[in-house]
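The values are calculated or read from the model by the stated rules, or taken from the named source; none is laboratory data. Model, not experiment: these values are computed from the prediction. Note that we place each Cβ from the backbone using ideal geometry, even for glycine, and neighbour counts take in every protein chain shown. All accessible areas refer to the heavy atoms of the entire protein, side chains included, with ligands and DNA or RNA removed. Shrake-Rupley method; radii C 1.70, N 1.55, O 1.52, S 1.80 Å.
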Amino acid sequence: MKKIFLIQEENKNSDRLVESIKHEIRKYLKRERAKKTPEGFHYWDFDCKFGQTSETAHVIHHADFTAEIDKAHAEKWSECYVEIIAKPAKKPVASAKVEETK
């Protein structure tokens, strides 16, 4: 998903717009996680960017969207750019513990 959301819009309460943005992002992440992963992969990981425009967007973790949107609302941005790209990922292999016997 690559989308520009309006934070300040005429005749609409900006608090409700912010909550609808957060809801849409959560809904998108939930929908992507529910998709079947390709063979050999364990879960979906996300490459995420957030900023005022696509050129000024910076990389963030998907759990930080709420805080970033609140920060943008506090700074009175008129719009924000959100980019979320799902990619399949594998669980990291845990190294086996070797007990040393004496």
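Quick check: pseudo-label points 7 Å beyond the Cα along Cα→Cβ at ILE85 and LYS12, how many nm apart are they?
Simple spin-label model gives 2.7 nm for this pair.
Within the chain, what whole-number % of the accessible surface is contributed by carbon and sulfur, with the 1.4 Å probe and all protein chains included in the calculation? Don't skip to the end; give the middle numbers.
Working: 3840 of 7610 Å².
Reported share for carbon and sulfur atoms: 50 percent.
Once phi is turned into θ = phi - 60°, what whole-Hz ³J(HN,Hα) does the Karplus curve with 6.51, -1.76 and 1.60 give for every residue of region 56-68, x standing for Gly and Pro?
9, 5, 10, 6, 9, 7, 4, 6, 8, 4, 4, 5, 5
Report the residues of region 23-50 in range of a label on HIS58: point 7 Å along Cα→C-beta, backbone N strictly under 11 Å from it.
Those under the cut-off are 50.
Would you mind getting the accessible area per residue of the chain, heavy atoms of the protein chains only, 1.4 Å probe, in Å²?
Values: 7610 Å² over 102 residues.
Accessible area per residue: 75 Å².
Work out from phi, with θ = phi - 60° and the Karplus expression 6.51 cos²θ - 1.76 cosθ + 1.60, the ³J(HN,Hα) of each residue of region 83-94, listed in order in whole Hz, and give x for Gly and Pro.
10, 10, 10, 7, 9, x, 9, 9, 5, x, 7, 7
Normalised by the residues of the chain, what does the relative contact order come to in percent, with Cα pairs under 8 Å and at least six apart?
Working: 132 pairs, mean separation 41.2, N = 102.
Normalised by residue count, the contact order of the chain is 40 percent.
Using the Cβ atoms and a cut-off under 13 Å, what net charge is assigned to the surroundings of ALA86, where Lys and Arg are +1 and Asp and Glu are -1? Please list the in-between numbers first.
Working: positive: LYS2, LYS30, ARG31, ARG33, LYS35, LYS36, LYS87; negative: GLU32, ASP45, ASP47, GLU83.
So the environment of ALA86 carries a net charge of +3.
Among (i) 148; (ii) 81; (iii) 102, only one was calculated for this model; which label is it, if the read-out is volume of the Cα convex hull per residue in Å³?
(i)
Subtract the Cα-Cα distance of LYS2 and SER20 from 0.36 nm times their separation in residues, and report this length gain in nm to one decimal.
On the way: separation 18, 0.36 × 18 = 6.48 nm, distance 1.62 nm.
Stretched out fully, the LYS2 to SER20 stretch lengthens by 4.9 nm.
Under 12 Å from the Cα of LYS3, which aspartates and glutamates turn up, not counting those fewer than eight places away in the same chain?
Answer for LYS3, where 12 Å is the Cα cut-off: GLU24, GLU79, GLU83, listed by chain and number.
Filter the cross-link list LYS71/LYS91; LYS2/LYS76; LYS12/LYS87; LYS12/LYS36; LYS2/LYS90; LYS36/LYS71 down to pairs whose alpha-carbon distance in this structure exceeds 30 Å.
Values: LYS71/LYS91 32 Å; LYS2/LYS76 21 Å; LYS12/LYS87 35 Å; LYS12/LYS36 38 Å; LYS2/LYS90 24 Å; LYS36/LYS71 34 Å.
In this structure, LYS71/LYS91; LYS12/LYS87; LYS12/LYS36; LYS36/LYS71 exceed 30 Å between Cα atoms.
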